[in-house]
Each structure stands twice: as C-alpha cells, then as structure tokens.
Amino acid sequence: MKTIKSTRRLAQKFELLNGLVPITNNSTRWNNYYRMFERALACHETLSEWQWKYPELRKFALHKEEDWLVIQKTYDFLKQFLVLTKETEGDESTLEQVIIAMDYLRVHYDEATTEHAGNTPFLTALQSSRYVYES
C-alpha cells in the first residue's frame with residue numbers, strides 16, 4: 001500500500017479503479033491497522049492484479065489466497081479493539097469502563113488463541129501482539 005501511495009502515477013490509477021486510496025500504517029492511531037486491513041480487503045481484486053502488472057509491487061505480493069486469509073483473520077480480530085476504543089474514548093469514559101474493556105480484550109485474546117491453535121503463523125502473530133498488549 002505504501003508503494004502505491006508513494007508513487008503518484010499508481011495512486012491516481014488506483015483511485016480511479018477503486019474510488020479509494022490506500023491507507024498506510026500510522027503509529028499515532030490505535031485502530032490504524034484495522035482501517036488499513038479494511039481498505040486492503042476492499043481493494044483485494046485490484047491489489048491482486050497489480051502485483052503482477054507493476055514490477056515495483058512484486059516484492060510485496062500476496063501470492064496465495066492464504067495470505068489474504070491471514071489479513072481477513074487479523075481484521076476480524078482487531079474489530080473488538082476498534083469497538084472498545086470507540087466505547088472508552090472521550091471525556092465521559094470512566095476508569096471502570098476502561099478496566100472492563102481491558103479485561104474483555106484479555107478474554108478476546110484467550111478465545112482467539114484457542115480458535116487458532118492449529119494455525120501457527122496466525123497464532124505466532126497473535127501471541128506477539130498479546131505480549132505487546134500486556135507490556
């Protein structure tokens with residue numbers, strides 16, 4: 001997505017085809033990965049075609065449908081972070097609400113770990129993110 005966005009020619013073509021522009025990671029936004037994956041999934045078909053059409057995108061190519069499944073699973077997992085962030089942001093939020101949300105996310109991690117126990121690549125990513133979350 002970064003390569004498409006940083007190349008004016010590709011960004012303009014991409015927007016013409018999809019009506020959307022790529023979203024890249026922004027470390028100052030809690031839910032930016034969720035939004036980035038959401039946009040990638042919405043543009044899946046175009047991105048799949050473009051990885052072969054434009055040489056500068058080949059090194060980032062998602063060659064298998066399994067790669068897109070990992071993106072979909074990650075997107076699905078991150079949805080709860082988006083929901084809880086929205087529920088606990090703002091001046092009206094209380095410490096109790098934040099603690100309840102944090103506890104819920106811990107349960108969410110436990111459930112996802114059980115659900116994806118047989119999926120080593122996704123489970124590894126999940127465990128890494130949990131380590132960061134709990135640090």
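Sub-9 Å Cβ pairs linking a first residue in the stretch 113-131 that is in contact (Cβ under 8 Å) with a residue 24 or more places away in the chain and loosely packed, with under 15 Cβ neighbours inside 10 Å to a second residue that is aliphatic (A, V, I, L, M) and assigned to a helix (DSSP H, G or I), at least 6 apart or interchain, are Pro121/Val70, ordered by first then second residue.
Return yes when Glu92 is charged (D, E, K, R) and not in a helix (DSSP H, G or I) and no when it is not. When the stated conditions are applied, Glu92 passes them.
Here Thr88 meets each of (1) within 25 Å of Tyr131 (Cβ to Cβ); (2) over 14 Å from the mean Cα position of the chain (by Cα); (3) modelled with pLDDT under 80 with one exception, condition (3). Is it fair to say Tyr104 is in the same structural domain as Tyr34 (by TED's automatic domain parsing) and in contact (Cβ under 8 Å) with a residue 12 or more places away in the chain? For Tyr104, the condition - in the same structural domain as Tyr34 (by TED's automatic domain parsing) and in contact (Cβ under 8 Å) with a residue 12 or more places away in the chain - is not met.
Checked against (1) loosely packed, with under 12 Cβ neighbours inside 10 Å; (2) modelled with pLDDT under 85, Arg29 passes all but a single condition, namely (1).
Residues in the stretch 113-120: is at least one within 20 Å of Tyr33 (Cα to Cα) and in a helix (DSSP H, G or I)? Yes: the stretch 113-120 contains one or more residues that are within 20 Å of Tyr33 (Cα to Cα) and in a helix (DSSP H, G or I).
The values are calculated or read from the model by the stated rules, or taken from the named source; none is laboratory data. The structure presented is a predicted model; accordingly, all values stated were derived computationally and were not measured. Every residue, glycine among them, receives a Cβ derived from its backbone with ideal geometry; neighbour counts consider all protein chains shown.
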